[in-house]
Amino acid sequence: MREYSEQHKKAWEYDAYSFWVRNSGTPQERAQKAAADPKGMLKKYAAYFDSFEGVRIANICGSCGKKAIPLALLGAQVTVFDISEDNKRYALEAADAANVSIAYEVCDVLDIDLERYSGYFDVVFMEGGILHYFHDIDEFMKVMASILRADGKIICSDFHPFTKIYDSLKTGQPEMSYFSTDVYEAEMAHARFYDEETRRLMPKCRYRKYTISEIINGIIGAGFILERFDEHPAWENDALPGEFTAVAVKKG
């Protein structure tokens, strides 16, 4: 495992299970919410899927199962890849409470077992801001392509590169030159929800933010045909970009 991955694992296993219980409810409560409206729980991402029933989906950095469980409720065969054992515990308990089954692999996604998963999935899906955890987007996209079948689809939704120069999502991330290629150390995503004393104790992560062209060229360079690139407004200010979604198909 890469040194920075070990650092990220420590950060994402720090009080993680308790955090999800406090902020998303118990696994049983989360399951009830997902079961009541699985498409609603997918939010804008539901529109990017052609179908759900029987579709093999790799949910990259799928965290506590917040999207994997609704996908499974809609009939998909979902495998989550994530670095946190605590996330896995919460996700599997919530899936069990929702009476669905999901697979969950705890690993650095750059080290996915390709003997097992090469060409396995119909869809690779990611959301919630994960690209900045990986320091080589070309390597990342090549791994994503390798686990997809020919003509499979990648749905990559992430923080808009505009957030490099302005924190439009209010995540507390530092601002920098848009064209910066620096790797920097900063708080993990949930730190802002803790008191100052706890925040000082929490392990930090090492981030690398990308420009739009780096993201698009990483997708194309990995052998994908880009079909859509949608930009979405920031959560609290719809005059500013906050997220994007790229949809691409692996060449047959």
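The values are calculated or read from the model by the stated rules, or taken from the named source; none is laboratory data. Only a predicted model underlies this, so the values are computations on that prediction, with no experimental measurement involved. Note that we place each Cβ from the backbone using ideal geometry, even for glycine, and neighbour counts take in every protein chain shown.
Residues that are among the charged types (D, E, K, R), in contact with a strand residue (DSSP E or B) (Cβ under 9 Å, 6 or more places away or on another chain) and farther than 11 Å from residue 122 by Cα were ranked within the range 51-88; the one that is surrounded by the fewest Cβ atoms within 10 Å (Cβ to Cβ) is 85. The condition of being farther than 22 Å from residue 143 by Cα and either in a strand (DSSP E or B) or touching a Lys or Arg at 6+ places or on another chain (Cβ under 9 Å) (or both) holds for only one of 238, 230, that being 230. For the condition assigned to a loop (DSSP other than H, G, I, E, B), more than 24 Å from residue 20 (Cβ to Cβ) and in contact with a His (Cβ under 8 Å, 6 or more places away or on another chain), residue 210 qualifies.
The test for being under 26 Å from residue 79 (Cβ atoms), exposed (fewer than 14 other Cβ atoms within 10 Å of the Cβ) and in contact with a Leu (Cβ under 8 Å, 6 or more places away or on another chain) does not hold for residue 227.
Report yes if residue 105 is assigned to a helix (DSSP H, G or I), modelled with pLDDT of 95 or more, within 19 Å of residue 61 (Cα to Cα) and acidic (Asp, Glu), otherwise no. So residue 105 does not fit the description; no. Being outside any helix (DSSP H, G or I) and of a type outside the set (Phe, Trp, Tyr) is the filter; apply it to the range 1-47 and report the residue that is nearest to residue 193 (Cα to Cα). Only one residue fits best here, namely 15.
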